[in-house]
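Q: One structure, pasted below without further comment.
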Amino acid sequence: SGEFYQRATTEASQATLASVSPLFAVMKLDKEGNTTYFEKKKTELYQELGLQARDLRFQHLMSITTRNNRIILRMEFLKAVITPEFLLILDYRNLSLEHWLFNELASQLAGEGQLVTYSLPFEFRAIEAILQYRISKLQGRLNTLQPQILETLEALVDPKLLSVDRSKLHILLQNGKSLSELETDLKVFKETILEILDEEELIEELCLSKWTDPQVFEESTSGIDHAEEMELLLENYYRQAEDLANEARELRVLIDDSESIIFINLDSHRNVMMRLNLQLTMGTFSLSLFGLIGVAFGMNLESSLEEDPRIFWLVTGIMFLGSGLIWRRLLSFLGRHLEPPLPPHVPAVLKKSQPAVGRVEIKNNLKAETFGLSRSTLTNQ
């Protein structure tokens, strides 16, 4: 009775777990491009495919693994299981995938697209279609970012602008963040492909039909090396991802260089304002210095000079002339101290003696080498 009660409790707990198992909205495509849609629980799905529950977790943003002659593939939002006979797209109800899934994927698998692996087994077509979709999405993101970044940088680096538009800086910040995300996705894509390319066993495991179809196995052993074809396929898309990464890296370098130019322009404008402020300060100082003469004559003191009408113009002329002379003197002093220093002068004697010293050192080295060679020759003899 105790064993019966324990067995009944176990069956009840398993039934409870099966009832709460998540549902997968599955899209199934076969070799001819025929498409069927259905919903199935995760427990039922991995049992039908001969997989484990952990195989359908999809915990990584991008992964390509093989289990029990099945390819489990994850490309960001895309989750797929590839077999030698059909392709399963899990959780296909995604707005970013609808156009490709319903309008392009079926025709590509049926041979109506531009897949170069149509003559090869079905898993080659499925892998190429998914990798092509992923690369096209990354290329589209780069094509969207590139003109925006170039337009923003062109507006910010314009030397005619005395100030930086903060709205343009905000746009550049957002585009820089998107570019960083793109670089990260490209890096993950390359690392995933490179991890497979570095292991010959993983490439062999991706060739599913080679181990299930006798005809394909004979072709692989006689003439067509399916492992080599798979390696070339993965290497092709790795090279495309590398090219995209180089373009993104060039944009990043351009942003960094433009930031340096912006900082240089701002420093230049700041230096101009500081120089202008200093010049005005020196002019005010010069005018105030000779203005003391006018202050002295403006005092209510009796002298014989105020009776002469020419004294006013004489004193005013002396004030302005002295202020101008002092201001020019201060400006010349400022100019001398702001000019960059000249490079140190090298005497002609040193210039002439340097080649001679070099010749002496070369001669000494040649003598030492000759002496060493002759000595080793004598030793050998």
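Q: When the residues of region 31-44 are narrowed to those that are charged (D, E, K, R) and in contact (Cβ under 8 Å) with a residue 60 or more places away in the chain, which ends up nearest to residue 124 (Cα to Cα)?
A: Residues of region 31-44 charged (D, E, K, R): 31-32, 39-42, 44.
Checking which are in contact (Cβ under 8 Å) with a residue 60 or more places away in the chain leaves us with 31-32.
Details: 31: 11, 32: 14 Å.
Ranking the candidates gives 31 first.
Q: Looking only at region 68-126, count every residue that is among the hydroxyl-bearing types (Ser, Thr, Tyr) and closer than 19 Å to residue 51 by Cα and tell me the total. Spell out how you get there, then give the answer.
A: Of region 68-126, the ones among the hydroxyl-bearing types (Ser, Thr, Tyr) are 83, 92, 96, 107, 117-119.
Then drop every residue that is not closer than 19 Å to residue 51 by Cα, which leaves 83.
Number satisfying all stated conditions: 1.
Q: Identify, from the list 83, 144, the residue that is surrounded by fewer than 14 Cβ atoms within 10 Å (Cβ to Cβ) and modelled with pLDDT of 85 or more.
A: The unique qualifying residue is 144.
Yes or no, residue by residue, for (1) small (Gly, Ala, Ser); (2) outside the structural domain of residue 242 (by the TED database); (3) touching a residue at least 24 places away in the same chain (Cβ under 8 Å):
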position: 103; (1), (2), (3): no, yes, no
position: 106; (1), (2), (3): yes, yes, yes
position: 110; (1), (2), (3): yes, yes, yes
position: 130; (1), (2), (3): no, no, yes
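Q: Here is a follow-up. Is one or more of the residues making up region 164-185 open to solvent by less than 80 Å² (accessible area, probe 1.4 Å), of a type outside the set (S, T, N, Q), in the same structural domain as residue 137 (by the TED database) and not in a helix (DSSP H, G or I)?
A: Looking for residues that are open to solvent by less than 80 Å² (accessible area, probe 1.4 Å), of a type outside the set (S, T, N, Q), in the same structural domain as residue 137 (by the TED database) and not in a helix (DSSP H, G or I), one finds at least one in region 164-185, hence yes.
Q: Select, from 203, 262, 255, the only residue that is within 18 Å of residue 154 (Cβ to Cβ), assigned to a helix (DSSP H, G or I), open to solvent by less than 70 Å² (accessible area, probe 1.4 Å) and at pLDDT 80 or above.
A: Going through 203, 262, 255 in turn, just one is within 18 Å of residue 154 (Cβ to Cβ), assigned to a helix (DSSP H, G or I), open to solvent by less than 70 Å² (accessible area, probe 1.4 Å) and at pLDDT 80 or above: 255.
Q: Might you let me know whether region 90-106 holds any residue that is crowded, with 19+ Cβ neighbours inside 10 Å and over 25 Å from residue 137 (Cβ atoms)?
A: Looking for residues that are crowded, with 19+ Cβ neighbours inside 10 Å and over 25 Å from residue 137 (Cβ atoms), one finds none in region 90-106, hence no.
The values are calculated or read from the model by the stated rules, or taken from the named source; none is laboratory data. Since this is a predicted model, take the numbers as computed values, not measurements. Here the Cβ is made from the backbone with ideal geometry for all residues, glycine too, and neighbour counts use every protein chain on show. What goes into the accessible areas is simple: the full protein's heavy atoms, side chains included, and nothing from ligands, DNA or RNA. Shrake-Rupley method; radii C 1.70, N 1.55, O 1.52, S 1.80 Å.
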